[in-house]
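Notes follow once the structure below has been shown.
The values are calculated or read from the model by the stated rules, or taken from the named source; none is laboratory data. All values derive from a computational prediction rather than experimental measurement. Methodologically, a virtual Cβ is constructed for each residue, glycine included, from the backbone with ideal geometry; neighbour enumeration extends over all protein chains shown. Just so you know, the surface numbers come from the protein's heavy atoms only, side chains and all, with ligands and any DNA or RNA stripped out. Shrake-Rupley method; radii C 1.70, N 1.55, O 1.52, S 1.80 Å.
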Amino acid sequence: MRIEPFTYLRPATWQEACAALAEHAGRTCILAGGTDLLPRLKQQVARPAYVIDMTDVAKYSYVHSDASGLCIGAGTTLQTIAAAANVQKQAPALVEAASKVASQQIRNVGTVGGNLCQETRCWYYNQSLSWKRAKPPCYKAGGEICHVVNKPSQCYAAFQGDTAPALLALDAQVKIISTHGERTIPLELLYSGKSESPLTIASDEMVAEIRIPAPAAGSGASYMKFSHRRAVDFPLAAVAVWLKKDGGNGRIAEARLAISGVGSAPIRVSKAEEALTGQEMTVEVIAAAADAAVKAARPVNNLHHGQPALRRQMVGILSRLAIEEAEKNARE
């Protein structure tokens, strides 16, 4: 597999990076760690005219914390996050998610921004150019139908990020910048729910920072992942849970539950959260929340490993385990 020629840009400042992105909007890819981009370049599913390397941009990689919470630069590597003492203290569920991404070598270069903004994946779409030349194009590649489910006008590729569900459960926000300025949005609004174009940001915008509020008293979180192998693999299903206990009666005052790997975007499952909120932690309550998570999962046969029925079942199992773990962490 070879990479199509492109113009390589290496800005030194945020202003230069944003200017390059605006000038060549729609024809660029951002290179941070490259663990998602380089395979796509080799498969020629990404064929940009320009690649913007963020290596030299100051204040792209950092982890800051104060009483309000954590601020993490989009260029911070997953290994740095997993090893950071302030993240371990304030957001251990994110540490768990970051430490389960791929392998040690990939975590050393892969970034949290890249993990959040990764492309959706599908066994039909993510193939070599020579393979695809022998096949009709799918909807994501400009064709008319999704060949995995044989339906028109929609792509069913799966989002398989680890850090996104953990950050959704932690109520994270992302700062987005461009030549027009900056804006901060809840993380869940970063995702469109459309597999063919999974992000909502414009072609001249980029994610610059992730913000996580400080943990509330009596709260706990957890992250659980199911994959074909214990390391290297993307999640076939993943669940993250955050709970806050009522100090007076021990009931669940607030809850957030997010899933990934079983649909076109990582999502919060509002019905699971409603099943938990205001309730005592019982087997029946946990089961009701897990059932709601299962119903929200939308896996199809689009990945090399893991049939849809298995992945859906694992969402329920992981949800029960993650709720119990989050509740345990809230008591500690």
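Beta carbons within 10 angstrom, averaged per residue: use that to sort the peptides 229-242, 56-69, 198-211, 253-266, highest first.
Taking the mean over residues of other Cβ atoms within 10 Å, the ranking is 253-266, 229-242, 198-211, 56-69.
What is the calculated FRET efficiency for Glu16 to Glu280, with r their C-beta to C-beta distance and R₀ = 51 Å, to the nearest 0.05?
0.40
What shape does the chain take by its C-alpha gyration tensor, where a ≥ b ≥ c are the square roots of the eigenvalues and a/c under 1.5 counts as rounded, a/b above b/c as prolate, and the rest as oblate?
In terms of gyration-tensor shape, oblate.
Restricting attention to the stretch 265-298, which GluC sites (Glu not before Pro) occupy a DSSP loop and are surrounded by at most 12 other Cβ atoms within 10 Å?
On the way: sites: Glu273, Glu274, Glu280, Glu284; in loops: Glu280.
The qualifying sites are Glu280.
In nm, to one decimal, how far is the modelled label at Thr200 from the one at Ile145, with both set 7 Å along Cα→Cβ?
Spacing of the two 7 Å Cα→Cβ label points: 3.2 nm.
Kirkwood hydrodynamic radius, computed over distinct alpha-carbon pairs, for the stretch 1-56: how many Å, to one decimal?
For the stretch 1-56, inverting the mean 1/r across all distinct Cα pairs yields 11.4 Å.
Taking 0.36 nm per intervening residue step and subtracting the Cα-Cα distance, what contour gain separates Asp66 from Val232 on full extension?
Working: separation 166, 0.36 × 166 = 59.76 nm, distance 3.31 nm.
Gain on extension, Asp66 to Val232, equals 56.5 nm.
With 5 Å bins from zero, work out the P(r) of the stretch 146-204 over every alpha carbon pair and list the percent per bin.
Pairs per bin, as whole percents: 4, 15, 21, 21, 16, 12, 7, 3, 1.
Which FRET efficiency value, to the nearest 0.05, is calculated for Ala216 and Gln88 with the Förster distance at 22 angstrom and r the Cβ-Cβ distance?
Details: r = 18 Å, r/R0 = 0.80.
FRET efficiency, Ala216 to Gln88: 0.80.
By Kyte-Doolittle mean hydropathy of at least -0.5 and Cα axial length of at least 15 Å, which whole DSSP H helices of the chain are selected? Let's see the in-between values first.
Numbers: long enough: 283-296 (20 Å, 1.34); 308-331 (35 Å, -0.35).
Membrane-span-like by this criterion, though nothing is claimed about a membrane: 283-296, 308-331.
Can you list the lysines whose alpha carbon sits under 20 Å from that of Lys42, skipping same-chain ones fewer than 8 residues off?
Those lysines meeting the cut-off are Lys132, Lys135, Lys140.
Please compute the per residue accessible area over the stretch 219-331 with all protein chains in place, 1.4 Å probe, rounded to a whole number of Å².
Using a 1.4 Å probe on heavy atoms only, each residue of the stretch 219-331 averages 45 Å².
Place a label point 7 angstrom from the Cα of Glu23 along the Cα-to-Cβ direction, then list the residues of the stretch 198-235 whose backbone nitrogen is under 16 Å away.
It comes to 204-205, nothing else.
Of all accessible surface on the stretch 1-56 at a 1.4 Å probe, what whole percent is carbon and sulfur?
Result for the stretch 1-56: 51 percent of the exposed heavy-atom area is carbon or sulfur.
With the convex hull built on the Cα atoms of the stretch 219-331, state its orientation-averaged projected area in nm². It would help to have the intermediate numbers written out before the result.
Values: hull surface 26.1 nm².
Computing the convex hull of the Cα atoms and averaging its projections yields 6.5 nm².
Computed over the Cα atoms, what is the radius of gyration of the stretch 116-257 divided by 2.2 N^0.38 Å, N being its residue count?
The stretch 116-257 yields a ratio of 1.30.
What does the extension gain come out to for Lys59 and Trp123, with contour length at 0.36 nm per residue minus their alpha carbon separation? Show your work: numbers first, answer last.
Numbers: separation 64, 0.36 × 64 = 23.04 nm, distance 3.64 nm.
Between Lys59 and Trp123, full extension yields an extra 19.4 nm.
At 0.36 nm per residue, minus the direct Cα-Cα distance, what do Thr7 and Ala134 gain on full extension? Give it in nm, one decimal, please. Please list the in-between numbers first.
Working: separation 127, 0.36 × 127 = 45.72 nm, distance 2.90 nm.
Going from the current span to full extension adds 42.8 nm.
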